[in-house]
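Below: the structure, in C-alpha cells.
None of the figures in this text is laboratory data; all of them are computed from the coordinates on show. Everything quoted here is computed from the prediction, not taken from an experiment. Here the Cβ positions follow ideal geometry from the backbone for every residue, glycine too, while neighbour counts run over all protein chains shown.
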Amino acid sequence: MVLASNLSAMKVALTGASGFIGSWTARTLHGEGHLVRALVRSSSRRDHIDPYLDGCVIGSVEERDAHLPLLQDCEALIHNAIDWRLIREGAWERHLDANLAASIELMHLAAQQGMHIIFVSSVAVHHEILPEWNGRIDGTHPMRPGGMYGACKAALEAHVWMLRSMHDIPCTIIRPAAVYGIDPALDRSIGVPILQRVRKGETLRRKGGGKFVHVDDVAQSMVRSLNCQSADGSIYHLADCYARWSDWGEMACEILGQQVDIDDSSPAQPKNMFTTDELAQDLNLPLDRGHTGIKDHLKELAALI
C-alpha cells in the first residue's frame, strides 16, 4: 500500500479556492507544506484564505487569460471550480462555455505542462443505477447523469481520461456526495435551515435524505492524492453515510432541547451506496464519521448561528 503522506512539497494550482470546498482544501494544502496558487474571482472575498496562499490570480476559469498565470511553474492542478449560477439560471450557452469548454482548455494546458490533475467531480454523474451492481456502486459503474450539472461533470471526467492517455500524466477523480461542514458563507452550511426551523418550533416535513461527507474528508482526499502513486487513474467516491432529513431534524431537536413534529416515514436505508474501500487502502482515509459526524457538525453550527 502506498500512503499519501507529504513525501515532497508541491506547488499546486487551485480553482474555486474561495468557496466552501476550495477554502478547506487551501488550508489543508498549506498545513501539509504545499504552496498554493489560487484562482479567485474579483468579486469573491479572500480574507479567509489569504493566510494559506503562496500566490493568487484574480479571475475565473471562464477568463482564459488567467489560465497560464495560474498554472505557471505549478506541479499539480486541483480543478474544483464551477459556476453554479449559470446552471440555476438556465444560461446554457454560457454554462457550456464557462463550466465545460473553459475547464477543458485549462486542464489541457495543465496536461501539456505535465501536471498531476485532480478533478473534483460529483456522485451526480450517477442517476440511473444498474441492478447488476447490487446496490454497491464503485468506479466501474457507467456514468448516467440525470441533470445538467452531472452531465457536465461526466463530460469533464471523460476529458481527464483523454488527457491522461495523450500526455501520460497522473490524474485522479474525486466524486463527493453532499458535503457538510462550516461554509465560509455560514448560511449556506447544510443544517442551517433545519436548526432555524427547530428553534422556531416549526414542523419538519421534508422527506428523503442523502449521502453525506464532511468537507475535511473531501479536502484530505485531494491533498493525499498528491505524491500518491495509487491515486493515479483512480476514482474515489466520497460518501460517508446516509441520513434522512428527519435524522438531521431529530439530532437538531436533541441539540437544541426542542420538540417538533417530524415526518420520519422515509426509508431508513438507501437502495444504493458507494464503495469507499479504495480511500482507506490508497489514501489511508477511512470514512467513518457516520451520524456522529453530522451531529457534531450541527452542534458546532448551532453555536455559531
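Report the FRET efficiency, 1/(1 + (r/R0)^6), for N134 and R205, where r is their Cβ-Cβ distance and R0 is 35 Å, rounded to 0.05. With R0 = 35 Å, the Cβ-Cβ based efficiency is 0.60.
For segment 117-222, the calculated P(r) over all alpha carbon pairs, in 10 Å bins from 0 to the bin holding the longest distance, is 12, 33, 33, 16, 4, 1 percent. The alpha carbons of segment 1-98 give a radius of gyration and a Dmax of 14.3, 45 Å, in that order.
The value of relative contact order for segment 108-266, using C-alpha pairs under 8 Å at least six residues apart, is 26 percent. If exposed means no more than 13 neighbouring beta carbons inside 10 Å and the site is in a DSSP loop, what's the longest run of the chain without any exposed trypsin sites (Lys or Arg not before Pro)? Result, exposed sites excluded: 46-199. Over the Cα atoms of segment 90-141, the radius of gyration divided by the Kirkwood radius equals 1.12; this is the Rg/Rh ratio. A viscosity of 0.890 mPa s and a temperature of 25 °C, combined with the Kirkwood radius over C-alpha pairs in the Stokes-Einstein formula, give segment 185-305 a diffusion coefficient of 156 µm²/s.
Here's how it looks for F274: its modeled amide H is under 5 Å from those of I137, which are all 5 or more places away or on a different chain.
Each eigenvalue of the Cα gyration tensor of segment 113-175, multiplied by 5 and square-rooted, gives one semi-axis; in descending order these are 24, 13, 9 Å. Each residue of segment 51-58 is assigned a 3J(HN,Hα), and the resulting list reads x, 9, 9, 8, x, 9, 10, 7 Hz, derived from the Karplus form 6.51 cos²θ - 1.76 cosθ + 1.60 (θ = phi - 60°), x at Gly and Pro. For the chain, the longest principal axis of the Cα atoms and the long axis of helix 148-167 meet at an angle of about 30 degrees. Dividing the Cα radius of gyration of segment 51-143 by its Kirkwood radius returns 1.06 for Rg/Rh.
Among the listed pairs K200/K271; K11/K299; K11/K153; K207/K271; K207/K295; K271/K295, those with a Cα-Cα distance over 27 Å are K200/K271; K11/K299. Grouping the Cα pair distances of segment 40-88 into 5 Å bins from zero gives a pair-distance distribution of 4, 16, 26, 29, 18, 5, 2, 0 percent in increasing distance order. In sequence order, segment 94-102 has phi-based couplings of 5, 4, 5, 6, 6, 8, 10, 4, 5 Hz under the Karplus curve 6.51 cos²θ - 1.76 cosθ + 1.60, θ = phi - 60°, and Gly or Pro positions carry x. Taken over the chain, the alpha-carbon convex hull comes to 134 cubic angstrom per residue.
For L35, nonlocal amide neighbours, meaning residues 5 or more places apart or on other chains whose placed amide H falls under 5 Å from its own, are M10, K11, V12. Positive contributions from Lys and Arg (+1) and negative ones from Asp and Glu (-1), summed over other residues with Cβ under 10 Å from the Cβ of L35, come out at -1. With the helix formula -39500 (n - 2.57) applied to DSSP H stretches of n ≥ 4, the chain reaches a computed 222 nm mean residue ellipticity of -10500 deg cm²/dmol.
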